[in-house]
Amino acid sequence: MRGRIIRGIAGFYYVSPDPPAEGGKGETVLPEEIPQRSGEMYECRAKGIFRKDGKKPLPGDYVEFDITSEEEKEGNVRKILPRRSALVRPAVANVDQALVIMAAVSPQPNLNLMDRFLVAMEQQGVACCICFNKKDLADDGTCRALADSYRGTGYPVVFASAKTKEGLPGLQNLLEGRTTAVAGPSGVGKSSLINSLQDGVFMQTGEISRIERGRHTTRHSELIRIRPGTWIVDTPGFSSIELSGMEKEELGRFFPDFVKWEPQCRFTGCAHISEPDCGVKAALFRGEVSESRYENYCQLYAELKDRRKY
């Protein structure tokens, strides 16, 4: 059978199977194009060949698996189908984009943490969008300032409220037809917002209920099917992100709001910190690059510079 790994915990992979193609003609049907059988999930082990080949199944993988017990809903994953993408942080496959969620207030948004996550996604070649939750608690000035901070980045920014449902249609439009990795620190209402998006839709997460999801912190990445072709990957909350596999000279290209101003820098390879005639700093002076983004860039640059010493 073919299916998609919904989550993996302690060596077990929970696979939601693809239903048979309609019409009986044996056509190949993409998993996104057909409804899932509500609630059906198989607890699978991975074949030893994956360890031998240095491969590990990931949530989001499309796989072929054998059923060892229909009664107990158990099986073995025997083949990982080709991935169109794979993330390292969070570890998930076949993701189209990432959505980072922060609270507009309560707690105050940590834009340094936001920018670290955005850089990590840029490094892995994943498109990003941003959602500020708890709009009902924030005044217009706060929302305007947050929007201005990311105005020049090209990232879509949505303000929403899981409590009042405000902004949810715009957020749903961003997610439609895609598999989206959803991430954010604990306490920003990430799980509540996810639950608001799936009202009236069966959760493809087995025994984990909507009520439990609202009470407990997510510990494992897992897929939730919103509707046919639209999935979100709920990931564990994070409080820090350390950038890895990156040199300080590369950092600027992971800030899309800097890249368009770099041709105006006098020096090739400008660090945008102490050099004269810097296009990025000129844009900062004109208000076309946000101060918070620039300050976070400088902090990350200093961290990468210090790391090289050791």
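What follows is calculated from the coordinates using simple rules that are stated; it is not laboratory data. Predicted model, so just to flag it, every value in this text is computed and none were measured. Here the Cβ positions follow ideal geometry from the backbone for every residue, glycine too, while neighbour counts run over all protein chains shown.
Observations on the model:
- For the range 250-292, the set of chymotrypsin sites (Phe, Trp or Tyr not before Pro) satisfying both a DSSP loop assignment and a count of at most 11 other C-beta atoms within 10 Å is given as 267.
- Residues of type lysines that residue 281 reaches as a straight line, Cα spacing below 18 Å, ignoring anything fewer than 8 places off in the same chain: 248, 260
- For the range 78-188, share of DSSP beta bridges that run antiparallel, in % to the nearest 5: 10
- Amide proton proximity set for residue 166, modelled H, under 5 Å, gap of 5+: 161
- In order through the range 110-120: 3J(HN,Hα) via Karplus (6.51 cos²θ - 1.76 cosθ + 1.60), integer Hz, x for Gly, Pro: 8, 6, 5, 5, 4, 5, 4, 5, 4, 5, 4
- Restricting the range 244-310 to GluC sites (Glu not before Pro) in coil, as DSSP defines it, with at most 14 other Cβ within 10 Å: 247, 288
- Bridgeable lysines around residue 165 (alpha carbons under 28 Å apart, same-chain partners fewer than 8 residues away excluded): 134, 135, 190.
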